Structure formats: C-alpha cells, structure tokens
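The values are calculated or read from the model by the stated rules, or taken from the named source; none is laboratory data. The structure displayed is predicted, hence computed values, not measured ones. Ideal geometry is used to build each Cβ from the backbone, glycine not excepted, and the neighbour counts take in all protein chains shown.
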Amino acid sequence: MLSIYGKKQRFCDGVSRRGFLKIGGFAAGAIGGFGLRDILEAEAATGTTSNHKSVINIFLAGGPPHQDMWEIKTEAPKEIRGEFNPINTNVSGIQIGECFPKIASMMDKMAVIRSVVGCSGGHDSFQCFCGYNRRSLQSIGGRPSIGSTVAKLKGPVDPAVPPTVALAAKTSHAPWSYPGGPGFLGAGYKPFQPQGQGMDDLKLNNVSLDRLSDRKSLLKGLDGLRRDVDASGMIEGMDAFTQAAFGVLTSSKLVDALDISKEDPKLRERYGDGKPYKYQYDGAPTCNDHLLIARRLVEVGVRSVTLSFGRWDSHGANFDLVRHHGPRLDQAVAALVQDLDERGMLDDVTVVVWGEFGRTPRINKGAGRDHWPRVSCALLAGGGMRTGQAIGATNRLGEYAQERPVDMQEVVSTIYHNLGIDTMTTTLFDPTGRPQFLTDIREPIRELV
C-alpha cells in the first residue's frame, strides 16, 4: 500500500486526513484495515463481482522426467526404469509416481497427459506459454503468449488489476524466468511482473510533507511521474486499457493479493513454502508460495498467471532431485486445486503443470537423465474439463508416444477454449495487417472438453 503522509487532521466523521490519503484502500479514500477478503465480500454483497476465466500456468523449468512422475515404467529394464514405484490414485486404473501422494488422492479433479509431443527442444518457457517455438514470426516481433493474447482479446476484468501477471523470479539462466511476452502485439500487452521493474515504476517519489497541502504541487508531482515514465518509453508502448491498469496505485486489490501474510495461516501451511530450496543452481526455487499468490491473483481478476517452479534439468542425481522437488510440487498443486474447489473457482480456473520437454529413457552414468524433446508430459486441472483420466501413453521404454500423441499446441488450444476463446475462428492482426490464428492445431483436446 502506498501512503502519503502529512499533518494529522480530523474530518467530521472521525477519519484522519492521513488515513484518507492512503492510496490502496477500499477506493482512493478508504482507510486501512480492508484486506482482500473484505473487498471480495463487499463486492459479493453488492453484486459487483464479475465471473471470469483464468489460467495458472506452472512451468517446470529444465524438463521434468515424465517416466519418474506420471507414468512409471515398471516393465522396463533397470537402466531405464528408475528408482520409483507407482502408487494408486483415487481413480481406478490410474497410477502415478510415489512422490505425488496428495495429487494421487484427488486425481478425479485432474487429468494427466503422458504423451505430449511437438517439443521444439528450446531450454526455456516460451513454448509452454504460447504453443510455438521462439523462431515463429520472429521477424515481426514473435508470437504473443497466452497471457498477452487474452489481455488483448478480453481486456482487464478490473481497470486496476492487470489482466496478465508473471510471478517467476529472475533466474541465472534467463530463459527459465521468461514471463511470456507480447510478441507482435507490442509492449502494451506485456505481463505485469511484481518482482520486476513494474513495481518500482509504480511509486510516487519526492512528495514531501510541505507539498502535501498544496494541491497544485501534488498534481505537478503526478505529472512529473508521467513524464518520467514517458521518458522510459513505457507510456508510448501502452494502449488505453494498459494505462488504466496503471491505476493499480489507487487500488489495494493487487497489492493485497500479492501479500500472503493476510492469508489464513492454516491455508498457508497447507500450501507449504517449498523450503529448503535445493538443486536450484541457475533455475527457480521450489516456491510453493507462488501458487497461493496465483490463486489470490485470479480471485481479484487476473486472467493469466505464469510462474516457474524448480529446476528440473537433471543431468545428474535425477532421483534425488525428484525426491526433493516432487513432494513440494505435490503439496502445492494439491493445495491449489483443493483451494480453488472449496472457493467454487475450479471450473473457472485452468491449472496446467508442464515443462519444455521430457528426459531420456536411459539413465546416464551420473544417475541422471538428459534432454528428450521426443515426448513429454503435462498435468491439468479445473477449467470445466473432464478430469479423472490419463490421456495417452509412451512405449514400454518411455521413448515415444505410442497411444494418443497430444501436441503442445493442443494443450494451448485447450487453455484458450477454457478461457472462452474459440481458436477455430479467432485471429490477431500482426504488424503487416495479416490475421494470425492463435495456434496451428486449433482443436482443443477432445477428451477434456
């Protein structure tokens, strides 16, 4: 919350001038004490809430080992099979890896895809966030991400809440924290990054106590802010709705949503914090908190949230890494799906968990698995999908998709479908004036919709 402090004065209703000038309360003039829950309850009471569809895209940076997570190869030879055993889920006939007991207990609310194909082999989040490889339409700015596309097509749910938010913390290997870009749509559709420069740009600086009583000086300070932003080229790249989202300064919704200290401690404990962080190296931490923040963000109107969870590039010590990352991912995803379900939000929010490719069937000399773009996996939940099923299968050795190959673009088309966007007919105009479809494979996964 942003506060502008001045001399204490009391209005006739008992509200202090200082309280009145706290930017970020229940409106520009609200006093402190209102949290996210208060705002949402008040909106519900007045009938001002708006239903919207959202996606939480959880990127497993580095390439998760498909055969150690959702499809254990019990009949494969020792040099391929790995160290994990399958466990039963609450859906008859579906087993997953032993590191995911919480997900197993609620598989009826999820769907696992064991035969994801079409991976480009790029070691970054680009394809998971838009469906295309990085080179597609690169000469005219590149393909826009799901978040930027939905921001363009749907706009913000609330003028003070950005439609797309990226939570990934900066990583040493920068492509693993790529937030999903606007591509040829332009800078106005970039995702808001709370941990990036966006928050620094949304601060009022150099407003002194003496100047507070002078309205002209205050307005001049605000004008100066806009000129500073213009000098950076930000305003020039924004269109009308993004400038409206700049009004986050006068709303507490976004600020409160990012502050999990206001959440029920018991619920925070259910999500966990993912610590201690291990096997992070040049990637992201196993930050369970980000999944809780993601739920809070979609609750206040964000349409797309992206995040990067862990570093799964297991060229060595693959099984130790999965024993560390797996239970943390299991706890956070299960808590997120249960939380959304309990709040009546699950049908409106699509959760997808996947990485840029899979891992080699054969275990290397360092007990690791190397890059394997030939096949990968994904876990989905919510979005009104027909869950409680496993789609596709690899062959006995986990080398390729033997049953029902599912292209990465089919997953992306399914996300768009769940967001209320018809990929069969919807196009975006690129800078040359040509209409571009959102995906090349435009039908969503038929088993899910």
Extreme residue, surrounded by the fewest Cβ atoms within 10 Å (Cβ to Cβ), among residues of segment 396-428 that are under 16 Å from Arg143 (Cα atoms) and in contact with a Pro (Cβ under 6 Å, 6 or more places away or on another chain): Thr427
Residues of segment 323-377 classified as among the hydrophobic types (A, V, I, L, M, F, W, C) and assigned to a helix (DSSP H, G or I), total: 9
Condition broken by Ala187, with the remaining ones in (1) in contact with a Gly (Cβ under 7 Å, 6 or more places away or on another chain); (2) under 28 Å from Gln280 (Cβ atoms); (3) at pLDDT below 95 satisfied: (2)
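Looking at Thr423, is it in a strand (DSSP E or B) and of a type in the set (S, T, N, Q)?
Details: in a strand (DSSP E or B): no; of a type in the set (S, T, N, Q): yes.
Spelling it out, it is not the case that Thr423 is in a strand (DSSP E or B) and of a type in the set (S, T, N, Q).
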Close pairs (7 angstrom Cβ cut-off, 6 or more residues apart or separate chains): among the basic types (Lys, Arg) in segment 54-75, in a loop (DSSP other than H, G, I, E, B) anywhere: Lys73/Arg396; Lys73/Leu397; Lys73/Gly398
Residue in segment 426-441 that is within 29 Å of Val298 (Cβ to Cβ) and free of Cβ contacts under 8 Å to residues at least 12 places away in the same chain present: yes
Evaluation of Ile363 against (1) out of contact with any Ser or Thr (no Cβ under 9 Å at 6 or more places or on another chain); (2) free of Cβ contacts under 8 Å to residues at least 40 places away in the same chain; (3) not charged (D, E, K, R) (one fails), failing number: (2)
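Given the structure, is Cys128 in contact with a helix residue (DSSP H, G or I) (Cβ under 9 Å, 6 or more places away or on another chain), within 21 Å of Ala169 (Cα to Cα) and not polar (S, T, N, Q)? Before the answer, list the steps.
Values: in contact with a helix residue (DSSP H, G or I) (Cβ under 9 Å, 6 or more places away or on another chain): yes; within 21 Å of Ala169 (Cα to Cα): yes; not polar (S, T, N, Q): yes.
Yes; evaluated as a whole, the condition is true for this residue.
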Any hit, segment 405-425, residues being modelled with pLDDT of 95 or more, hydrophobic (A, V, I, L, M, F, W, C) and touching a Cys at 6+ places or on another chain (Cβ under 8 Å): yes
Conditions (1) closer than 23 Å to Ala169 by Cβ; (2) surrounded by fewer than 21 Cβ atoms within 10 Å (Cβ to Cβ): number failed by Gln338: (1)
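Each row is one residue, and each column tells you yes or no for (1) in a helix (DSSP H, G or I); (2) charged (D, E, K, R).
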{"site": "Leu291", "(1), (2)": "yes, no"}
{"site": "Arg295", "(1), (2)": "yes, yes"}
{"site": "Val305", "(1), (2)": "no, no"}
{"site": "Gly310", "(1), (2)": "no, no"}
{"site": "Gly316", "(1), (2)": "no, no"}
